[in-house]
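A.B. asks: I'd like to ask some things about the structure below.
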Amino acid sequence: MSKTVKVLFVLFNVIYFTFDWILLPYVPNPILFGWLPLQLFLLFGTPLIAAFIWGLYFHGFFNTQKHVRYDNQAGGSTK
């Protein structure tokens, strides 16, 4: 996995958590669809996007770990 992808992933997380924890309360809160506040929509919608991006990142990360042998750890038994 390239260093650029790792840096982008960290940058995405910094922006995501800054928005989700600090900026979201200051977003205007109109009602969507006549019943759903915008802040609630963003609070429940942005983690879905983040989970998808985290899934892509960790899928790529674990594809680079094929050389690791988890069944033959030193000092331990798998049985």
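A.B. asks: Looking at the chain as a GNM with Cα springs under 10 Å, which of Y26, Y16, Y57 has the largest mean-square fluctuation?
C.D. replies: Of the options given, Y26 has the highest mean-square fluctuation.
A.B. asks: For the chain, count the residues as N, evaluate 2.2 N^0.38 Å, and divide the Cα radius of gyration by that value, please.
C.D. replies: Compactness ratio reported: 1.66.
A.B. asks: Can you tell me the 0 to 90 degree angle between the C-alpha axis of helix 38-63 and the longest principal axis of the chain, rounded to 10?
C.D. replies: Here the helix axis deviates by roughly 20 degrees.
A.B. asks: Right, something else. Between L11 and L23, what is the spin-label point distance in nm, taking each point 7 Å from the Cα along the Cα→C-beta axis?
C.D. replies: 1.4 nm
A.B. asks: With 10 angstrom as the radius, rank H67, H59 by how many other C-beta atoms surround their C-beta, starting from the fewest. Write down the numbers at each step before the final one.
C.D. replies: Values: H67 5, H59 9.
By the 10 Å Cβ count, ascending, the order reads H67, H59.
Values in this text are rule-based calculations from the coordinates and carry no lab data. As the structure is a computational prediction, the values presented were derived from the model and not from experiment. As a convention, Cβ positions derive from the backbone with ideal geometry for all residues, glycine included, and neighbour counts pool all protein chains shown.
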